[in-house]
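Below: the structure, in structure tokens.
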2 protein chains.
Amino acid sequence: MSGEFERIARIAASLGPRARGLGDDCAIIPTGKGRLVVSTDASIEGTHFRLDWIDHREAGWRAAASALSDLAAEAATPAGVLAAVVVPAAAGDEEVVALMDGVGDAAAAVGAHVVGGDLSQGPSWAVTVTVLGWAQRPVTRAGARPGDGVWVTGTLGASRAALEAWKRGDQPDPAARAAFAHPVPRIGAGLRLADAGATALLDISDGLGGDAQHLADSSHVAIVLDLDAVPVSPACHEEARRLRISPQRFAADGGEDYELLVALPPSFDGNAARAFRRECRLALTRIGSVGTGSGLRASLAGREVRLSGYDHFR
Amino acid sequence: MSGEFERIARIAASLGPRARGLGDDCAIIPTGKGRLVVSTDASIEGTHFRLDWIDHREAGWRAAASALSDLAAEAATPAGVLAAVVVPAAAGDEEVVALMDGVGDAAAAVGAHVVGGDLSQGPSWAVTVTVLGWAQRPVTRAGARPGDGVWVTGTLGASRAALEAWKRGDQPDPAARAAFAHPVPRIGAGLRLADAGATALLDISDGLGGDAQHLADSSHVAIVLDLDAVPVSPACHEEARRLRISPQRFAADGGEDYELLVALPPSFDGNAARAFRRECRLALTRIGSVGTGSGLRASLAGREVRLSGYDHFR
């Protein structure tokens with residue numbers, strides 16, 4: 001095993017043009033347009049991923065992509081990524097380099113550079129990714145107004161389908177595995193939705209139920225969801241069947257889809273949605289509405305249902 | 001044990017005015033003067049601290065102060081602090097709140113706010129602190145020029161003295177314990193040294209030997225240190241005696257003092273140093289010089305000595 005400084009040199013060499021200005025105490029970031037937006041997210045082996053499920057490179061991609069998803073949810077343009085990596089004593093250099101390779105690819109995929117990080121020894125793998133971006137009009141989760149529509153990008157449930165298969169000891173469906181190992185932060189979609197007048201925006205990391213509840217709480221409104229309208233990933237039908245629940249229910253209770261949940265004003269209509277889909281090459285589906293009052297109500301096949309949020313502590 | 005969201009609410013309530021705008025996906029930071037400077041640092045239980053040595057509040061302070069020290073070393077003014085905390089399953093809410101209380105105090109002590117964070121479950125305690133600041137003239141470690149003097153703030157060796165006592169199973173000297181548990185990031189001193197024309201600046205986190213080597217490598221110069229001049233903390237005399245090495249050697253091989261190592265032009269003389277000490281109420285001692293060539297040379301009592309850097313991987 002190499003020492004810390006040789007490892008940093010190897011990582012910098014491997015990252016090549018995907019990194020910028022490593023090796024000082026701090027990263028110095030050029031000022032961009034608008035306000036500075038920043039978020040930090042830990043990915044812990046055993047809590048967020050297992051290395052018998054995904055490899056080191058995928059763990060690095062997933063950690064960076066999930067942090068970058070927070071910038072998408074703020075309608076920010078990514079500028080820099082920092083990764084603090086905790087490495088077990090027995091790990092080899094090539095594993096550290098592979099993990100940072102995944103971080104570098106996820107940053108490069110959204111036009112950002114790895115600008116800094118930290119390397120420590122610890123009991124198991126962990127990577128805490130901090131992302132910085134610039135937003136001309138940051139969209140928080142606090143601005144939804146009664147009368148707005150509630151929409152979601154992409155499809156839901158595939159990431160949970162992979163988890164359920166792994167926990168059972170099976171290999172997941174390839175599309176489900178890809179959703180878990182290689183999530184795509186919806187940066188372009190976030191910017192496009194802000195331009196379209198989004199009043200509140202967040203990414204679905206705690207499950208549709210949990211995040212719709214956050215939206216209701218932060219915006220001081222009621223959210224009413226029609227689960228029949230939820231766009232379900234085909235990859236989760238089989239897993240839902242095994243659990244004897246509907247695919248809609250399975251998808252809505254899942255976590256870590258990293259799609260965007262967005263409130264859009266009543267003027268955002270079917271034509272606007274079609275334009276979004278064409279430009280972003282991404283599904284956008286109306287799944288509910290914003291009302292006065294508070295809390296979350298969801299219905300499926302005409303019946304009210306209770307959704308559970310996804311909480312890593314439970 | 002509470003869930004993630006209740007814990008975040010408790011932390012936010014406890015932090016009070018020391019935090020700002022928690023609860024969204026991202027922190028939104030007002031633009032300051034100069035360039036954006038950012039750094040991330042992990043503090044891992046068992047690697048960087050032990051909870052039979054210091055308590056949760058001290059662990060939080062120390063983690064944040066060591067990250068803020070990187071801003072001091074760039075001559076940046078702190079703006080925001082983010083903390084990604086990993087909590088063992090058996091931990092209680094009050095321990096998490098105490099740790100974040102220490103983070104909040106360290107931020108408040110330098111005029112910064114806690115602007116975001118993350119809470120995860122993991123095998124042991126860890127806190128990764130990301131700090132953001134603004135620098136009108138960031139000073140890197142790459143600008144030292146032959147002819148410059150090499151200076152250091154404060155005194156060295158106390159943090160190592162505490163570690164040596166704990167490892168032996170003893171209680172450390174109170175001043176040594178305070179140096180380890182409650183380091184003070186040298187923010188004001190960093191700004192003052194930049195104003196005084198500092199050509200290179202870094203904090204001593206890897207020991208004087210390790211960090212002087214970094215300075216030589218980054219600036220493509222030779223560094224010559226006179227260890228007889230090194231300002232040694234009185235708290236390390238006893239520990240040096242036990243190890244049968246000189247206090248200068250003990251202090252220079254120690255780590256995590258978080259004092260500043262700075263290259264200053266020849267025009268920075270004794271009068272300038274006295275003005276610094278008076279204004280910053282902090283020692284500033286010339287311990288060497290910058291020469292042409294490369295590498296680090298150190299002498300003690302007329303003999304050349306080899307210094308070892310402090311590497312958490314070893």
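The values are calculated or read from the model by the stated rules, or taken from the named source; none is laboratory data. As the structure is a prediction and not an experimental result, all values here were calculated from the model. Backbone-built Cβ (ideal geometry, glycine too); neighbour counts: all protein chains shown. Note: areas computed on protein heavy atoms with side chains; ligands, DNA, RNA excluded. Shrake-Rupley method; radii C 1.70, N 1.55, O 1.52, S 1.80 Å.
At a glance:
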read-out: Principal axes of the protein assembly as shown: Cα extent on each, largest first, Å; value: 87, 45, 42
read-out: Farthest toward positive dipole pole in chain A [+1 Lys/Arg, -1 Asp/Glu at C-beta], among A:G154, A:V110, A:S124; value: A:G154
read-out: In degrees, nearest ten, helix B:158-168 long axis to first principal axis of chain B (Cα); value: 70
read-out: Relative frequency of Cα-Cα separations exceeding 20 Å in region A:239-314, percent; value: 48
read-out: Inter-label distance for A:L51 and A:A283, nm, one decimal - labels placed 7 Å from Cα along Cα-to-Cβ; value: 3.5
read-out: Kirkwood hydrodynamic radius (C-alpha pairs) into Stokes-Einstein, chain A, 25 °C and 0.890 mPa s, D in µm²/s; value: 123
read-out: Descending semi-axes in Å of region B:177-289, equivalent ellipsoid built from Cα gyration tensor; value: 23, 17, 14
read-out: Nearest-20 debye value, chain A charge dipole, Cβ charges on Lys, Arg, Asp, Glu; value: 1020
read-out: Straight-distance crosslink candidates among lysines, where the alpha carbon sits under 19 Å from B:K33 and sequence neighbours closer than 8 are dropped; value: A:K33
read-out: Residues in region B:240-275 that a label on B:K167 would reach, taking backbone N under 17 Å of a point 7 Å out along Cα→Cβ; value: B:240-257
read-out: The protein assembly as shown, dipole about Cα centre (Lys/Arg Cβ +1, Asp/Glu Cβ -1), debye to the nearest 20; value: 1020
read-out: Positions from region A:77-107 whose accessible area shrinks by 40 Å² or more when the full protein complex is built, not the chain alone, probe 1.4 Å; value: A:L82
read-out: ³J(HN,Hα) computed for each position of region B:47-59 - Karplus, 6.51 cos²θ - 1.76 cosθ + 1.60, integer Hz, glycine/proline x; value: 9, 9, 7, 10, 7, 8, 9, 10, 8, 4, 5, 5, 4
read-out: Pairwise burial A:B, computed as accessible area of each alone minus the pair, summed, 1.4 Å, Å²; value: 4800
read-out: Residues with amide H under 5 Å from that of A:G116, placed H, sequence gap 5 or more; value: A:V81, A:A83
read-out: Pairwise label distance in nanometres, B:A272 with A:S267, each label 7 Å out on the Cα-Cβ vector; value: 6.0
read-out: Average accessible surface area per residue within the protein assembly as shown, 1.4 Å rolling probe, Å²; value: 37
read-out: Most mobile of A:L243, A:L119, A:L15 in a GNM of chain A (Cα contacts under 10 Å); value: A:L243
read-out: For region A:224-314, share of DSSP beta bridges that run antiparallel, in % to the nearest 5; value: 60
read-out: Within the protein assembly as shown, percent of DSSP bridges classed antiparallel, to nearest 5; value: 70
read-out: Trypsin sites (Lys or Arg not before Pro) restricted to region B:266-296 and DSSP loop, no more than 12 other C-beta within 10 Å; value: B:R281
read-out: Label point 7 Å beyond Cα along the C-beta direction, distances from A:R303 to other copies (nm, shortest first); value: 8.5
read-out: Portion, in percent, of the accessible area of the protein assembly as shown that falls on carbon or sulfur, probe 1.4 Å; value: 49
read-out: Two-site FRET efficiency, B:R145 against A:R244, from Cβ-Cβ distance with R₀ of 60 Å, rounded to 0.05; value: 0.25
read-out: B:S124-B:T31 pseudo-label distance in nm [points 7 Å out on the Cα-to-Cβ vector]; value: 4.4
read-out: Nearest 10 degrees, 0 to 90: helix A:93-109 Cα axis against chain A principal axis; value: 40
